[in-house]
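Heads up, the thing below is written out as structure tokens.
The values are calculated or read from the model by the stated rules, or taken from the named source; none is laboratory data. As the structure is a prediction and not an experimental result, all values here were calculated from the model. Neighbour counts are summed over all protein chains in view; Cβ atoms, including those assigned to glycine, are modelled from backbone coordinates with ideal geometry.
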């Protein structure tokens, strides 16, 4: 009996997509292909990726007032939680380049025409919610150790607190342990979910289950990939997160090629979007035209 997606309506799937076993050398290959995609599309990809550090800093400033410095590390670490969603336009560009299609920057927004758009949005909102919870938890851990600061904390003072006090040592241990749990959760939910949803109309539940299946089939390789992503984001955080404008697209393109390596392709053709012409309308048709059914040509 076919299993329907109980989270969002979609085509029924009889079983999860098949996955392959891959090794560390495959990760080297996907990084090389991701770098190749970046070199083929550098200018507009960097432009699109500048939104990551800018929005990240804006969120921290808006959420915690002037206490940005204590939240810089949790913010950078949090990009690992929302990175798979933030990079979805990059997956689309890699998909188009793979098929020999035009890869101008505007096609990064073609996801709005995807049959899986609702599943993509729902999973993205889930990751954003996890990111928000992580920031508040990280802030609570900081306040529990140092109290609520009345004035903005300078970077030098913050470093002295963290490195030179018992409270700072406790902050490092507890904060990293809790952050690791958040990262494992987000990684398990999304390591190949978004590329799969772009490639197939399988629904959110199947995408998440497939990501977990990939991890279970390749525990060491996927753990190594998670480490690569974490180190890349740490490097990209310098200076002031703007290195993410380069690191994020390389990791994003590489993630698409990781998906291609580890998930067996579907032989069926991918559904394409065909916009329906609205045709000419007349004033006499209003307001009845508002209630006419809108058809989509598949």
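Residues checked against (1) outside any helix (DSSP H, G or I); (2) touching a strand residue (DSSP E or B) at 6+ places or on another chain (Cβ under 8 Å); (3) modelled with pLDDT under 70:
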position	(1), (2), (3)
235	no, no, no
245	no, no, no
256	no, no, no
281	yes, no, yes
284	no, no, yes
Query raised in the report: Quick one: residue 216 ticks every box in (1) touching a residue at least 12 places away in the same chain (Cβ under 8 Å); (2) not in a loop (DSSP other than H, G, I, E, B) bar one, so which box is it?
Result: (1)
Requested in this report: Please specify each residue of segment 175-195 satisfying the condition of being touching a strand residue (DSSP E or B) at 6+ places or on another chain (Cβ under 9 Å) and not in a helix (DSSP H, G or I).
Outcome: 192
Query raised in the report: Within segment 116-127, is even one residue crowded, with 17+ Cβ neighbours inside 10 Å, in contact with a helix residue (DSSP H, G or I) (Cβ under 9 Å, 6 or more places away or on another chain) and in a loop (DSSP other than H, G, I, E, B)?
Result: yes
Report summary line: Reported set for segment 102-115 where residues are assigned to a loop (DSSP other than H, G, I, E, B) and surrounded by fewer than 12 Cβ atoms within 10 Å (Cβ to Cβ) is 102, 104
Report task. Search segment 8-22 for residues being closer than 12 Å to residue 214 by Cα and in a loop (DSSP other than H, G, I, E, B), and hand back the single one that is modelled with the lowest pLDDT. Result -> 16
**Report entry** Odd one out for residue 167 among (1) over 25 Å from residue 131 (Cα atoms); (2) in a helix (DSSP H, G or I)
**Finding:** (1)
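Quick grid of which residues meet (1) surrounded by fewer than 18 Cβ atoms within 10 Å (Cβ to Cβ); (2) farther than 24 Å from residue 263 by Cα; (3) free of Cβ contacts under 8 Å to residues at least 60 places away in the same chain:
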| site | (1), (2), (3) |
| --- | --- |
| 199 | no, no, no |
| 222 | no, no, yes |
| 229 | no, no, no |
| 235 | yes, yes, yes |
| 238 | yes, yes, yes |
Query raised in the report: Within segment 81-93, is even one residue modelled with pLDDT under 80 and within 26 Å of residue 39 (Cα to Cα)?
Result: no
